[in-house]
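Comments concern the structure below.
The values are calculated or read from the model by the stated rules, or taken from the named source; none is laboratory data. As the structure is a computational prediction, the values presented were derived from the model and not from experiment. Glycine also receives a Cβ, built like all others from the backbone with ideal geometry; neighbour counts cover every protein chain displayed.
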Amino acid sequence: MRPALAIVLGLVSGVVAAALIMGAILAFAPDPIAAGPAPSAVAAPSASASVPSDGPDSSTTPAGPSASPSGAPSASPSAASGASSDDPSALFHIGESAPPLVIPQVGGGTIDLASLKGKPVWVNFMATWCPPCVDEFPLMNGFYARYEADGLVVLAIDVKEEEGIVAAFAERLGTTFPLGLDLDGAAALRWDAIALPVHFWVDKDGIVRDGALGGIGPDIMARGLGTILPGVTVTP
């Protein structure tokens with residue numbers, strides 16, 4: 001072989017070998033992107049994230065009735081039935097027989113509502129310390145004077161005060177109708193007299209026809225009397 005040809009063949013062989021070596025290096029070298037570190041954009045859990053507790057997740061608790069504990073109080077019977085404290089018939093026994101009323105009378109004797117059947121009766125539960133009671137007594141005196149001839153009976157029932165205090169109160173206001181003493185408050189409870197003063201108008205048959213919580217004026221008084229004095233024009 002000629003020396004020149006041998007040199008050329010040697011150079012070609014060297015180039016081919018170098019190319020093969022470089023190809024092998026590129027083929028088996030690791031991908032710099034795939035082998036790099038995890039991207040920093042993958043955030044760690046925030047420190048403000050809530051940590052689940054051992055109990056139920058309150059954010060997934062149903063909000064309906066089933067969420068209430070079985071021992072939780074339900075709506076009151078009156079609310080469930082649609083009855084309201086604003087319903088006069090519920091508050092004042094309207095349309096019902098008047099509850100029993102047998103109590104000592106100021107000055108002696110006994111007040112017994114049953115003995116007054118056949119007469120229209122205005123029953124007022126009150127106390128001497130009650131400012132509206134003081135305001136109402138003169139008005140009640142006036143109505144009693146005007147309609148006593150029509151059979152009207154007015155009874156004021158003092159709740160839980162001594163007779164001497166009540167007698168002085170009646171004298172000071174010039175009261176002309178009987179006063180009774182509910183010394184232990186039992187009568188007020190039977191009548192559901194939940195606040196003082198409170199008024200009940202009972203007809204001659206012993207049926208409650210109207211009622212009103214106190215602090216009332218002559219118009220409400222006249223309305224109540226009109227329900228138990230049929231055929232009588234009652235004016236304020």
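Within the stretch 158-174, restricting attention to residues that are assigned to a loop (DSSP other than H, G, I, E, B) and out of contact with any helix residue (DSSP H, G or I) (no Cβ under 6 Å at 6 or more places or on another chain), the residue that is surrounded by the fewest Cβ atoms within 10 Å (Cβ to Cβ) is Gly174.
Going through (1) under 23 Å from Val106 (Cβ atoms); (2) free of Cβ contacts under 8 Å to residues at least 24 places away in the same chain; (3) β-branched (Val, Ile, Thr) one by one, Thr235 falls short only on (1).
What do you reckon, is Phe177 crowded, with 18+ Cβ neighbours inside 10 Å, on the phi < 0 side of the Ramachandran plot and without any contact (Cβ under 8 Å) to a residue 40 or more places away in the chain? Yes, satisfied. So for the stretch 103-111 (the condition being of a type outside the set (Gly, Ala, Ser), under 37 Å from the mean Cα position of the chain (by Cα) and assigned to a loop (DSSP other than H, G, I, E, B)), does at least one residue qualify? No: zero hits. Considering only residues in the stretch 72-112 that are at positive phi and modelled with pLDDT of 50 or more, the one that is surrounded by the fewest Cβ atoms within 10 Å (Cβ to Cβ) turns out to be Gly108. The test for being over 28 Å from Gly231 (Cβ atoms), crowded, with 20+ Cβ neighbours inside 10 Å, modelled with pLDDT of 95 or more and in contact with a strand residue (DSSP E or B) (Cβ under 6 Å, 6 or more places away or on another chain) does not hold for Val154. Out of everything in the stretch 189-219 that is assigned to a helix (DSSP H, G or I) and in contact with a Pro (Cβ under 9 Å, 6 or more places away or on another chain), what residue ends up being surrounded by the fewest Cβ atoms within 10 Å (Cβ to Cβ)? Ranking the qualifying residues of the stretch 189-219, first place goes to Asp219. Residue-level analysis places Met126 outside the set of residues that are within 19 Å of Thr227 (Cβ to Cβ), of a type in the set (A, V, I, L, M, F, W, C) and at pLDDT 95 or above. On the stretch given as the stretch 116-148, residues that are surrounded by 16 or more Cβ atoms within 10 Å (Cβ to Cβ), farther than 21 Å from Glu162 by Cβ and without any contact (Cβ under 8 Å) to a residue 60 or more places away in the chain total 3. For the stretch 181-216, filtered to residues that are among the charged types (D, E, K, R) and in contact with an Asp or Glu (Cβ under 9 Å, 6 or more places away or on another chain), the residue that is farthest from Ile228 (Cα to Cα) is Asp182. Here is a list: Asp182, Asp219. Which entry is in contact (Cβ under 8 Å) with a residue 40 or more places away in the chain and of a type outside the set (A, V, I, L, M)? None of the others qualify; the one that does is Asp182.
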